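**Student:** Have a look at the structure that comes next, please.
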């Protein structure tokens, strides 16, 4: 039984194919169109996943869209009516789009599907519910027979969060939180206020938070929300403009915090770091309360998380450490892209009664390596046609040369195997560096990624070595848990260093692996497993053999504003247009110094995120 899941028309559109309850292929449209967070119909992603499965669209039994557009339209219309006449400008801009596109979304979807296969049966098209799709994406691929499931995001239809219970192939939503009261929108309001892009820059706020003090947290609790002991809350809408306005916050919000929103071109000041620290602290408190009450109410031992808020890995780390949950599993594609996955799984298990399949305690995401893979011969052909100068080796020699370059302090583009599904590069489309280098974070941010200097990088660490370096001894294959660097690996800061202005602390080495140690001695951990990514595991093992350290910097293979690379040509272009020193694509190795063609500089090639 084949079910194709689709998410589209909001942000992060994607297509996922599930066969008999197993995830076969998944991809996001942005990787093919090169448009960050592409919201269009996922034509190329859909073509990719059915090609990977070796089937035609006609061979798919059901196609399911991840939410119900009419419920979404109902929420929008009722909100405007409740607030009228305030918000007329926003209403005037939104309604033509909704009437033309969103209300007739079923017709649009059928037109797209018929363009791919004129014989597509319109009766095969189904619609799921947004938060059920999120919940299904979290529970069904998890390693648990039963679990409590929390979903949290900005808004989907009416719901902004849900509590569900999964047992076997059954999944039931017990209750929901509804718009306009939303943890995701609260965080996005501060994203906007501190000068970052909503639905894109929230992770920057999380990365900025450790540089500040949460001195506004009490003000947030007092004025912006009414928080209950169980984690449920109501927002004070007098301070927000997202219901009917053209921005997230209003003048009352700005007066409360004593300034206008930061323009993205303005310098970050300590107050912005303090605002980030404050909303992060409040978000963690809400998520902890929700998790504790969910576990207590249901009596479950395992917890699953999804929705865009579940990408807050700092909060996830606290939930794992500070709640009674025996284990916590987070969907790696927790945002809207993962909704396509959840919609397909919900139809498979709930509507079609397909049994769940779990293998030996492992999850069902296959390391999230679910995208396209390019054969060695194709990589060589593409690189040669692009004018690349490269050498080809067997796998062991390619790994040895790459590890040597990393040990020498070089920045490496690593293009291997099936592309990751979700927002994180996990060792298939990655930029790698030496975690021991005190200069690597600054180098990668400013000369390779062309992004803000404060942005932290994740350590990729051999699973068998994780407890030697971090206050953590578990699995974190998707970079969705944060833990501290072990005390004996840290370097204490002097009083003079402690007194530095927030971001200036970035250049102070704080551990034996400074390139992946954040200013608060934390790290967003990726454990690398031999069974899901043997080639990346071999590279880490070889780097450890050369240096004694089984840890590398791992960041996504792209520049600021660009989607993660998808094809060998994408990888070569990014390699040429940045200060990367080496490209390892399949078993091909290209040294920057040997290149005779010039690439487009990437500083201005993509819109800033």
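What follows is calculated from the coordinates using simple rules that are stated; it is not laboratory data. Note that the coordinates shown come from a computational prediction; the quantities given were computed from them, not determined experimentally. A quick note on method: Cβ atoms are made from the backbone with ideal geometry, for glycine too, and the neighbour counts reach across all protein chains shown.
**Student:** I want to verify the translational diffusion coefficient of the range 239-334 in µm²/s; compute it with Stokes-Einstein, Rh as the Kirkwood radius over Cα pairs, at 10 °C and 1.306 mPa s.
**Tutor:** 101 µm²/s
**Student:** Could you tell me what percent of the DSSP beta bridges with both partners in the chain are antiparallel, to the nearest 5?
**Tutor:** 75 percent
**Student:** If you count, for each residue, the other Cβ atoms within 10 Å and average over each peptide, how do 125-135, 257-267, 582-592 line up from highest to lowest?
**Tutor:** Descending packing order for the listed peptides: 125-135, 582-592, 257-267.
**Student:** Between residue 117 and residue 327, how many nm apart are label points set 7 Å from Cα along the C-beta direction?
**Tutor:** 3.6 nm
**Student:** Just want to confirm a number: the relative contact order over the chain, from Cα pairs under 8 angstrom separated by 6+ residues, in percent.
**Tutor:** 16 percent
**Student:** Using 0.36 nm per residue, how much length does the chain from residue 246 to residue 213 gain when fully extended, once their Cα-Cα distance is taken away?
**Tutor:** That works out to 8.9 nm of additional length.
**Student:** Here's a follow-up. Would you kindly give the portion of the calculated P(r) for the range 376-604 that falls above 26 Å, as a percent of all Cα pairs?
**Tutor:** 33 percent
**Student:** I've got another one for you. Quick check: residue separation of residue 353 and residue 126 times 0.36 nm, minus the Cα distance between them. What number comes out in nm?
**Tutor:** Length difference between fully extended and current span is 80.1 nm.
**Student:** Compute the length gained on full extension between residue 230 and residue 391: take 0.36 nm times their separation in residues and subtract their Cα-Cα distance, giving the result in nm to one decimal.
**Tutor:** Gain in length upon complete extension: 52.0 nm.
**Student:** How much of the calculated P(r) for the range 378-499 lies past 21 Å, in percent of all Cα pairs?
**Tutor:** So the pairs more than 21 Å apart make up 54 percent of the total in the range 378-499.
**Student:** Could you order peptides 398-408, 512-522 by the average number of other Cβ atoms within 10 Å of their residues, highest first?
**Tutor:** Packing proxy ranking, top to bottom: 512-522, 398-408.
**Student:** Consider all pairwise Cα distances in the chain and report the whole-number % of them above 47 Å.
**Tutor:** Percentage above 47 Å: 10.
**Student:** Okay, next question. Could you tell me how far the Cα centroid of the range 311-337 sits from the Cα centroid of the range 165-229, in Å?
**Tutor:** First find each Cα centre; the distance between them is then 14 Å.
**Student:** Compute the separation of the alpha-carbon centres of the range 107-133 and the range 506-561 and state it in Å as a whole number.
**Tutor:** 42 Å
**Student:** Tell me the mean residue ellipticity at 222 nm calculated for the chain from its helices only (DSSP H runs of n ≥ 4, each -39500 (n - 2.57), averaged over every residue, nearest 500).
**Tutor:** So the calculated ellipticity at 222 nm is -9500 deg cm²/dmol.
**Student:** Grab the beta carbon distance between residue 407 and residue 254, set R0 = 51 Å, and tell me the FRET efficiency rounded to 0.05.
**Tutor:** So the FRET efficiency works out to roughly 0.55.
**Student:** In percent, what relative contact order does the range 376-604 have, based on Cα pairs under 8 Å that are 6 or more apart in sequence?
**Tutor:** 34 percent
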